[in-house]
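Okay, so here's the structure we're looking at.
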Amino acid sequence: MKKLILLTCVVVIYSCSSIRVATDYKTNFDFKNIKTYAFSKSGIDKAELNDIDKKRILKAIDVELYNKGLRKSSIEPDIIVNFYNKTNKKIDYYPTNNYYGYGVGFGGMGHYSSSWYLNSFSYNEGVLFIDFIDFKNNELIWQGIGKGYLNSDNISKKNEIIKSMVSKILLQFPPAD
């Protein structure tokens, strides 16, 4: 029974740590022509994050776009990159069994008692939105959304979560036809 409880806890915690990604894009836009980008300072300033986390996200986006062959340009870039965030309070429930008892061999007399409890585990789910806006038409052409468990207690882990989330979101850019 203890193994079942342990397994349930591991599954709950593991399911909270995974990053889920969704994207949407303008289907009639030619993404092959995108070569340069710039960040939207006014948009990023509105993100409800501290400056350290904003810089972590900006750096992660820079690295991913550089690896895709895009270059940062402040003079008439092809796209404007913006990001913002949201935090969802989540609660997961899992059952536990408070078993105690004793027994005497097969067919012997024994005492057994058990009760089930429903425990909860609360956590913050971070949602990161990354938008690409066509500079010429000022239209949203691509959006990536990543959702995952936020652990703000461990700085190095937090940095890895941000890198991983940005990487998984931008893995789906440019969209495959």
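The values are calculated or read from the model by the stated rules, or taken from the named source; none is laboratory data. Keep in mind the model is a prediction, meaning the values are calculated, not measured. We place every Cβ from the backbone using ideal geometry, glycine too, and count neighbours over all the protein chains shown.
Checked against the criterion of being of a type in the set (Gly, Ala, Ser), in a loop (DSSP other than H, G, I, E, B) and at pLDDT 95 or above, the candidates 105, 69 yield just one match: 69. The set of residues in the stretch 25-65 being among the acidic types (Asp, Glu) and exposed (fewer than 12 other Cβ atoms within 10 Å of the Cβ) consists of 30, 45, 48, 51.
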